[in-house]
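First comes the structure, then the notes that go with it.
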There are 2 protein chains.
Amino acid sequence: MGRIIENLNLSEQVTNELGRAIVAGEYSCESGLPTEAQLCEEYGISRTAVREAVKMLAAKGLISSRPRQGISVEQPSNWNLYDTSVLKWLLSSSPSLYVLKEFLQMRLAIEPEAAALAAEFGRDEDIDQIGKAVEAMKAAANDPSGSMHDADLAFHTSILFASGNRFFSHLRDFISTALNVSIQHTTPAKANDLAVADDHAKIYTAIRNRQPERARNLMKYLIDEAKTFIELEIKKQG
Amino acid sequence: MGRIIENLNLSEQVTNELGRAIVAGEYSCESGLPTEAQLCEEYGISRTAVREAVKMLAAKGLISSRPRQGISVEQPSNWNLYDTSVLKWLLSSSPSLYVLKEFLQMRLAIEPEAAALAAEFGRDEDIDQIGKAVEAMKAAANDPSGSMHDADLAFHTSILFASGNRFFSHLRDFISTALNVSIQHTTPAKANDLAVADDHAKIYTAIRNRQPERARNLMKYLIDEAKTFIELEIKKQG
DNA sequence: AATAGACATATTGTAATATAATATGCTTTT
DNA sequence: AAAAGCATATTATATTACAATATGTCTATT
């Protein structure tokens with residue numbers, strides 16, 4: 001109420017708040033959600049706004065509503081995890097180290113294959129974009145004001161795009177989120193930045209030289225390192 | 001499995017129709033969509049229903065709407081391809097052989113890794129489910145009345161589930177859709193059914209015996225065969 | 001003539017209210 | 001005790017009204 005965050009209109013705000021609450025487990029599958037009328041009162045808004053929020057959450061697989069029965073929470077296995085909002089709500093509620101491990105397992109499946117596809121089928125102009133990202137990483141490694149993080153993101157998303165496969169490209173938000181979480185758990189060792197940039201450059205070169213197997217293996221190695229690091233962290237904490 | 005209530009309410013019907021039209025390219029990014037008022041008139045329904053449909057489509061990343069500007073179509077790269085509805089609309093409009101190739105590239109990334117994860121971390125009771133699917137495949141191979149297709153689906157989804165990773169499990173609808181499209185393009189060679197069932201059984205055995213690398217490779221081989229077949233088909237037609 | 005500001009206008013955003021459809025449980029009937 | 005029917009709670013749909021917000025046009029000032 002008091003604080004105004006947002007470009008978001010009313011129903012989007014309610015969607016956010018309800019989505020967060022559902023993913024955080026504040027409403028269970030059994031208990032369900034309050035009725036529309038109750039939600040109206042709770043938020044002090046009209047039924048129109050509530051219903052629009054309900055429809056949006058239903059579109060993301062989080063809830064379903066039926067007459068006389070009310071609004072029920074869908075099983076988590078039906079939630080659309082590849083929806084950016086759902087992912088955001090999930091990260092804001094789960095202990096992120098475990099989610100991070102799941103992220104890395106997915107990245108290990110996706111990214112080496114994407115690199116191989118980019119090397120095999122990628123269009124030259126799309127591969128140029130990977131090169132630009134590598135240059136930006138090198139620059140950021142030398143210049144502390146440059147954003148290594150942004151360049152890193154650009155590198156990985158440009159490879160997904162260069163794969164020429166829509167289903168890979170579309171995972172850019174997913175991978176970006178995974179990288180963001182990764183960063184939060186990685187001690188910023190600026191000294192390594194140049195070595196990291198070099199690892200990335202090697203992948204670019206393999207793609208540029210149309211060496212799918214080499215690109216795949218280098219990418220696999222890159223992510224495996226991060227995974228090993230995280231598994232150590234989990235062992236420490238748990 | 002097939003709990004399907006084809007009983008769509010009004011806003012869901014409109015969502016379907018508009019979603020299909022958008023994905024089919026009947027509304028471009030530039031032209032945008034008709035105004036809410038026009039849609040009301042076109043479909044002969046109230047603004048409530050139209051707005052709810054618009055909100056659902058916006059939640060799936062297909063459109064966005066702003067005051068005074070109207071409803072605009074988002075760039076296809078923003079569409080949530082991992083939404084079951086969006087996938088359905090996509091398949092109903094695209095030449096499916098090409099989409100099928102993209103599907104298979106994704107499956108080649110996901111499923112071998114999922115099989116390896118299942119072998120490494122899968123819970124025994126989840127692996128049992130894979131075994132049951134294999135038995136069902138064998139039974140269907142001998143008994144023509146049995147559904148090979150359903151058993152095949154169950155096999156692949158149970159491996160995703162046994163991976164223990166939510167992001168893999170959630171791709172079950174995606175993989176199912178891919179398999180369905182595959183089936184449509186595969187000549188039903190009932191004679192091979194027993195051999196096919198045997199290939200699947202080997203993967204199950206590898207997972208059961210906790211051999212991640214073997215499981216990965218066998219699965220890779222299985223999908224690669226389908227991919228090779230499809231690439232031949234594409235060469236024939238194009 | 002150029003530019004800032006005011007204003008008209010079209011379109012979505014929000015609200016309020018009314019009625020219909022639909023399940024669920026209770027009651028009545030057999 | 002089982003079946004039929006009714007009451008009721010809840011979402012589904014429709015209608016109307018007004019608010020908020022951009023966009024373009026017109027006006028006034030320089």
- Message: Could you tell me the extents of the range B:95-237's C-alpha atoms along the three principal axes, largest first, rounded to whole Å?
- Response: 44, 33, 24
- Task: Output the peptides B:96-108, A:70-82 sorted from most to least packed, where packing is the average of other Cβ atoms within 10 Å over each peptide's residues.
- Result: B:96-108, A:70-82
- Message: Just checking the output field for B:48-59: average partner chain Cβ neighbours within 10 Å of each residue's Cβ?
- Response: 5
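Between A:Lys235 and A:Cys29, how high is the FRET efficiency from 1/(1 + (r/R0)^6) when r is the Cβ-Cβ distance and R₀ = 35 Å? Nearest 0.05. Could you put the intermediate results ahead of the total?
Working: r = 33 Å, r/R0 = 0.93.
My answer for the efficiency is 0.60.
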- Answer with one residue from B:Ser65, A:Ala109, B:Pro76: the one whose Cα lies farthest towards the positive end of the charge dipole of the protein assembly as shown, charges on Cβ with Lys, Arg +1 and Asp, Glu -1. A:Ala109
- With +1 on each Lys and Arg Cβ and -1 on each Asp and Glu Cβ, and nothing else charged, work out how big the dipole of chain A is about its Cα centre, in Debye to the nearest 20. 320
- Message: Defining the label point at 7 Å along Cα→Cβ, can you sort the distances from B:Pro144 to the same site in each other copy, shortest first, in nm?
- Response: 7.8
- Evaluated over the range B:10-78, the Cα radius of gyration and Dmax, each in Å: 10.8, 32
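Show that you can apply the helix-only estimate: for the protein assembly as shown, add -39,500 (n - 2.57) for every DSSP H stretch of four or more residues, divide by all residues, and state [θ] at 222 nm to the nearest 500.
On the way: 22 runs with 330 residues, N = 476.
Roughly -22500 deg cm²/dmol at 222 nm, from the helical runs in the protein assembly as shown.
Which percent of the Cα-Cα distances in the protein assembly as shown go past 44 Å? Show your work: numbers first, answer last.
Numbers: 18147 of 113050 pairs.
The calculated P(r) of the protein assembly as shown puts 16 percent of pairs beyond 44 Å.
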- Would you work out which of A:Thr177, A:Leu91, A:Ala201 lies farthest towards the positive end of the dipole of the protein assembly as shown, given +1 charges on the beta-carbon of Lys and Arg and -1 on that of Asp and Glu, about the Cα centre? A:Ala201
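Considering Cα pairs under 8 angstrom that are at least six residues apart, work out the relative contact order of chain A and quote it in whole percent. Write out the running numbers ahead of the final one.
Numbers: 272 pairs, mean separation 49.1, N = 238.
For chain A, the relative contact order is 21 percent.
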- Item | Accessible area, probe 1.4 Å, largest first, for residues B:Ser85, B:Ser145 | B:Ser145, B:Ser85
- Task: Would you mind checking which residues have amide H under 5 Å from A:Asn9's amide H? H placed 1.01 Å from N; only 5 or more apart, or other chain.
- Result: none
- Item | For chain B, built as a Gaussian network whose Cα springs stay under 10 Å, the top-fluctuating residue of B:Pro67, B:Pro212, B:Pro95 | B:Pro67
- Message: Using only protein heavy atoms and a 1.4 Å probe, how much accessible area in total is buried between B and A, to the nearest 100 Å²?
- Response: 3600
- Query: Which value, in Å² rounded to 10, gives the accessible area of A:Phe121 with a 1.4 Å probe and all protein chains present?
  - Reply: 100
- Hey, for A:Ala21 with labels 7 Å out along Cα-Cβ, what do the inter-copy distances come to in nm, ordered shortest first? 3.5
- The pairs in A:Lys88/B:Lys60; B:Lys101/B:Lys235; A:Lys60/B:Lys55; A:Lys227/B:Lys202; B:Lys202/B:Lys227; A:Lys101/A:Lys220 lying past 18 Å Cα-Cα in this model are A:Lys227/B:Lys202; B:Lys202/B:Lys227
- Kindly sort A:Asp152, B:Asp143 by accessible area of their heavy atoms, largest first, with the probe set to 1.4 Å. B:Asp143, A:Asp152
- B:Val14 accessible area, assembled protein chains, probe 1.4 Å, Å²: 10
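From the protein chains alone at 1.4 Å, what is the descending order of accessible area for B:Arg208, B:Arg47, largest first?
Details: B:Arg208 75, B:Arg47 135 Å².
Reading off the accessible areas and sorting them downward yields B:Arg47, B:Arg208.
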- Query: What does the accessible area of A:His170 come to, in Å² to the nearest 10, when a probe of 1.4 Å is used?
  - Reply: 30
- Query: Between copies, how close do the B:Ser46 label points come, placed 7 Å along Cα→Cβ, listed in nm from shortest?
  - Reply: 1.2
- Give the residues of the range B:44-59 whose amide nitrogen is closer than 13 Å to a point set 7 Å from the Cα of B:Gln13 in the direction of its Cβ. B:44-46, B:49-50
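The values are calculated or read from the model by the stated rules, or taken from the named source; none is laboratory data. Here the structure is a predicted model, which is why all the values come from computation and not from measurement. Cβ: placed from backbone, ideal geometry, glycine included. Neighbour counts: every protein chain shown. With ligands, DNA and RNA removed, areas are computed over all heavy atoms of the protein, side chains included. Shrake-Rupley method; radii C 1.70, N 1.55, O 1.52, S 1.80 Å.
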